[in-house]
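Engineer: What follows is a single structure, and I will ask about it in a moment.
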Amino acid sequence: MKSNKPIVIFGAGGHASVLIEILVLNQCNVLAIVDPKAEESETHFSFPVISFDEFLSTYKSDDIDLVNGIGKMPNSSSRQDLAIELRDLGYKFKTVIHPAATIAMNVDIGEGAQIMAGVVIQPNVRIGKDTIINTSCSIDHDCKIGSNCHIAPGVVLSGGVVISDSCFIGTGSVIINDISIGKGVVTAGGSTIYENLPNDTKLIQKK
């Protein structure tokens, strides 16, 4: 969290609530929360909730950083669409790291990435912009994770795993060392991945 600019958060759901907690712990100055469904004088965690139009008329891109509180779910592009729209308007997204995350030296974390509580990231890892590394994930040495991914809570990546852009790795999944995951892959919670997966693979558990 290198920038000291005040922050505006987009989204008022569960993922945004987790991020608000992290920002408060890091003593960040949160100005407002943007929610398209905002009602007049509404607040969330004591922060004012404003509409998108009010945001655009109030906050200049040079004066603030943004935090993307829209969660990334399979088959939804809302999070990525928002990031593209706002970057095109000149805004930048803050990288958010929980103080209870453990991050080794020589780790490259992209703009707008979000690292939650209990995460362990070992040396020589690269994480792309806007990617979520959710609660208590273990990312071992030399892993490469692309942009706009969601590595859901409790995922374990062994050493040398490569995950391409826009993937969703479900809660508690385990990926064995040196496996490559193609772009847009979705894995169900609890999956164990022993072999490379091509682009757009969907691993859905049968009920």
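Engineer: Work out how far the C-alpha atoms of the stretch 17-103 reach from end to end along every principal axis, then list the three figures in whole Å, largest first.
Structural biologist: 38, 31, 27
Engineer: Something else now. Between TYR194 and GLU111, what is 0.36 nm times their sequence separation minus the Cα-Cα distance? Round to one decimal in nm.
Structural biologist: So the chain would gain 26.8 nm between TYR194 and GLU111.
Engineer: Let me ask you something else. What does the charge dipole of the stretch 7-88 about its Cα centre add up to, to the nearest 20 debye, if the Cβ of each Lys and Arg holds +1 and the Cβ of each Asp and Glu holds -1?
Structural biologist: 340 debye
Engineer: Distances over 12 Å make up what percent of all Cα-Cα pairs in the stretch 165-207? Could you put the intermediate results ahead of the total?
Structural biologist: Numbers: 501 of 903 pairs.
Of the Cα pairs, 55 percent sit more than 12 Å apart.
Engineer: Could I ask something else about it? Place a point 7 Å from the Cα of GLU54 along the Cα-to-Cβ direction; which residues of the stretch 20-35 have their backbone N under 20 Å from it?
Structural biologist: 20, 29-35
Engineer: Mind checking the full-extension length gain between SER78 and ARG126? Use 0.36 nm per residue of separation minus the Cα-Cα distance, one decimal, nm.
Structural biologist: Stretched out fully, the SER78 to ARG126 stretch lengthens by 14.9 nm.
Engineer: Taking just the alpha carbons, could you work out the radius of gyration and Dmax for the stretch 95-198, both in angstroms?
Structural biologist: Rg then Dmax for the stretch 95-198, in Å: 11.7, 35.
Engineer: In the structure displayed, which of LYS5/LYS144; LYS72/LYS183; LYS37/LYS183; LYS60/LYS129; LYS94/LYS144 lie more than 24 Å apart, Cα to Cα? Walk me through the numbers before you get to the answer.
Structural biologist: Details: LYS5/LYS144 29 Å; LYS72/LYS183 15 Å; LYS37/LYS183 32 Å; LYS60/LYS129 22 Å; LYS94/LYS144 20 Å.
Listed pairs above 24 Å: LYS5/LYS144; LYS37/LYS183.
Engineer: Taking the Cα centre of the chain as origin, sum charge times position over the Cβ atoms of Lys and Arg (+1) and Asp and Glu (-1), and report the length of that vector in debye to the nearest 20.
Structural biologist: Result for the chain is approximately 520 debye, rounded to the nearest 20.
Engineer: Let me ask something else about it. For the chain, what is the mean residue ellipticity at 222 nm derived from helices alone (per DSSP H run of n ≥ 4: -39500 (n - 2.57); sum divided by total residues; nearest 500 deg cm²/dmol)? Can you show the working numbers first?
Structural biologist: Numbers: 3 runs with 30 residues, N = 207.
When only DSSP H runs of four or more count, the value is -4500 deg cm²/dmol.
Engineer: Roughly how large, in nm² to one decimal, is the mean projection of the convex hull of the alpha-carbon atoms in the chain?
Structural biologist: Working: hull surface 45.7 nm².
If you wrap the Cα atoms of the chain in a convex hull and average its projections, you get 11.4 nm².
Engineer: Between the stretch 171-207 and the stretch 123-165, how many Å separate their Cα centres?
Structural biologist: Between the Cα centres of the stretch 171-207 and the stretch 123-165 lies a distance of 13 Å.
Where a number appears in this text, it was derived from the coordinates with a stated rule and is not lab data. Everything quoted here is computed from the prediction, not taken from an experiment. Every residue, glycine among them, receives a Cβ derived from its backbone with ideal geometry; neighbour counts consider all protein chains shown.
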